[in-house]
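Read through the structure below, which is laid out as structure tokens, and then see the notes.
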């Protein structure tokens, strides 16, 4: 009997844990992303122009929305730095940033066997064109287009 009770508690906890993981994963997948609209956008330590500037970002820089407060949005970047930006400084999230520890290959087709069209370094922002499975078709600011595996990009 004691074993049945322990197993029952174990399975109940397992089900609750799995449910929590699914909910957290779903919220992460549905997280809103935005892109900076112009060079020199200030990210501040708080939601007012009186707060200190924590970062200055360039056009296209992708951000994840953490919280909204009036005309201000609390955001997080690919390195988990956070701060507040005025909502007039961001628009629809159509950019991604290379989040690999080394230079990566942009390929002609969505496959690791495809020809390499460019080498892209960490921190380079790319415009997202489309997706196909685990691959994202992107465009570099200089016009080069190609495919990168989504595990190497953020968000």
Checklist entry - Among 80, 94, 42, 86, which is under 27 Å from residue 148 (Cα atoms) and touching a residue at least 12 places away in the same chain (Cβ under 8 Å)? => result 94
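Take residue 125 and decide whether it is touching a helix residue (DSSP H, G or I) at 6+ places or on another chain (Cβ under 9 Å), surrounded by 13 or more Cβ atoms within 10 Å (Cβ to Cβ), under 19 Å from residue 60 (Cα atoms) and outside the structural domain of residue 57 (by TED's automatic domain parsing).
In short, no.
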Item to check | Lone qualifier among 149, 94, 80 - being closer than 19 Å to residue 33 by Cβ, within 19 Å of the chain's Cα centre (by Cα) and crowded, with 16+ Cβ neighbours inside 10 Å | outcome: 149
Next on the checklist: Looking at the range 45-69 only, could you name the residues that are within 18 Å of residue 96 (Cα to Cα), surrounded by fewer than 16 Cβ atoms within 10 Å (Cβ to Cβ) and free of Cβ contacts under 8 Å to residues at least 60 places away in the same chain?
Outcome noted: 56, 59, 66
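The values are calculated or read from the model by the stated rules, or taken from the named source; none is laboratory data. Fair warning: this is a prediction, and the values are worked out from it, not measured in the lab. Cβ coordinates were reconstructed from backbone atoms using ideal geometry, including for glycine residues, and neighbour counts include every protein chain displayed.
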